[in-house]
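Inspection log for the structure reproduced underneath, given as C-alpha cells.
FYI, it's all coordinate maths here, none of it is from the lab. Predicted, not measured: the structure shown is a model, and the values here were computed from it. Because the Cβ atoms are built from the backbone with ideal geometry, glycine has one as well, and the counts that use them run over all protein chains shown.
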Amino acid sequence: MVPVSGPAAIAVAGLHKRYPGVHALRGIDLEVRRGEFFGLLGPNGAGKSTLIHVLAGLARASEGSARVLDHDVVRDYRESRRALGMVPQELVFDPFFTVREVLRIQAGYFGLGREHWPWVESLMAVLALDAKADANLRTLSGGMKRRVMIALALVHRPPVVILDEPTAGVDVDLRRSLWEFIRGLHRDGHTIVLTTHYLQEAEQLCERIAILNHGELVAVDRREALLARGIGRRLRLNVTTEVPLATLPEALRARVTAQEGTRLVFELHRDRDSVVGVLDALRDHGARIVDVATEAADLEDVFLELTRGDVKMKPQINAD
C-alpha cells in the first residue's frame with residue numbers, strides 16, 4: 001500500500017530511556033509513515049518493547065519526544081492513545097468476564113457506549129470469536145486468547161496498530177488466519193507496526209524495516225534495500241562421501257555452518273569468498289561433488305550481520 005499524506009503515523013526524535021543501571025534506548029530517531037506496514041526487529045533486550053511502551057504511554061522517555069499522528073504521547077496522551085491500538089506480547093486478560101463483556105468494557109475506556117456495540121459484534125465475527133462470545137476468558141485456548149488480544153486493540157478503531165509478537169506460540173493454521181486478517185487491516189488503510197522473531201514473517205509482510213541493537217538503530221530501510229546489504233551467500237553441497245571437517249584448511253572450515261552426513265552448508269562472504277575456490281579445495285581433499293546450490297542472503301542473514309554481538313555496527317539508515 002502507498003503511504004498516505006499527512007502527519008507521520010509515528011514520529012520519534014532523540015528518544016532516550018534510562019532505568020537504573022540500564023540505558024534501554026539511546027537517541028532513537030524514527031518515522032513511520034501513515035499506511036505503512038513497518039517492521040521493528042531486534043534481538044532480545046534490544047529495546048523494542050521499551051520503545052513500544054513509550055509510544056503507548058506505559059513508560060515515559062528520559063529524553064526526547066514521541067508522537068502518534070502528531071499527538072505527543074505525554075502532553076496529548078488521550079488523543080495519542082485513541083489513535084493507537086497495541087497487541088501486547090503477553091496474554092493479559094481478566095478471568096472474570098466473557099469475551100463480549102471484556103470487549104464492551106474496553107470500548108467504554110475510550111468513551112464508546114452502546115452505539116458502538118454492533119462494531120464489537122462484527123469484530124468478534126471477523127476474528128472467529130462469535131462462537132465464544134459468552135465464554136469466560138479463562139476457559140479459552142491460547143490461540144483464542146490471542147484473538148481476543150487483537151480484538152481489544154481494535155475495539156476503538158485505531159488508525160495505527162502495533163503488534164508485539166502477535167503470533168508467538170500459536171499454531172500454523174492460526175498464524176495464517178491472523179496474518180490474513182492483519183493484511184486486510186493494512187489494505188483498509190491501517191498503519192501496522194510489527195515486532196516478531198519470525199524473520200520470515202517480516203520479510204514477507206513489511207515494506208520498511210528498522211533494526212534495533214543495544215538500544216540503538218542500526219538500520220532503517222526498505223525491505224529490498226535491506227536484503228541487498230547482505231554481505232554473504234549460502235552454498236549448499238552434496239558429496240559422495242562424508243568429508244572430515246578436521247582435514248579441511250582452517251579458513252574453509254570456518255565457513256562451514258552445517259554438516260549432515262554428506263551434506264555441507266557454507267556461508268560465504270560476497271566479496272572475499274569464491275564458490276569455485278571452495279569447490280576446488282574440496283576436490284583437493286578427495287571430495288566428489290554431486291550437487292551444488294547457492295542462495296542469496298535473506299533477512300535472517302542481514303539481521304545477524306547487523307546485530308552480531310562482537311561487531312560494533314555504524315548506523316545504516318535510509319528513510320527512502
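The antiparallel fraction among DSSP beta bridges confined to the chain stands at about 70%. When all alpha carbon pairs of segment 234-313 are counted in 5 Å bins from zero, the resulting P(r) reads 3, 13, 25, 26, 14, 10, 6, 2, 0 %.
Shown here is the pair-distance distribution of the chain: with all Cα-Cα distances grouped in 10 Å bins from zero up to the longest one, the shares run 5, 23, 27, 21, 13, 8, 3, 0 percent. The peptide list 238-246, 178-186, 64-72, put in order of mean Cβ contacts within 10 Å with the highest first, becomes 64-72, 178-186, 238-246. Set against the 2.2 N^0.38 Å expectation for a compact globular protein, segment 11-125 has a Cα radius of gyration ratio of 1.23.
Have a look at Val220, Val12, Val290 and tell me which one the Gaussian network model of the chain (Cα, springs below 10 Å) gives the largest fluctuation. Between Val220, Val12, Val290, it is Val290 that shows the largest mean-square fluctuation. Springs between Cα atoms under 10 Å define the GNM used for the chain, and in it the highest mean-square fluctuation of Leu227, Leu299, Leu252 occurs at Leu252. Once the gyration tensor of the Cα atoms in segment 109-203 is diagonalised, the equivalent ellipsoid follows with semi-axes of 22, 18, 11 Å, ordered largest first. The charge dipole of segment 160-298, taken about its Cα centre with unit charges on the Cβ of Lys, Arg, Asp and Glu (plus for the first two, minus for the last two), comes to roughly 340 debye.
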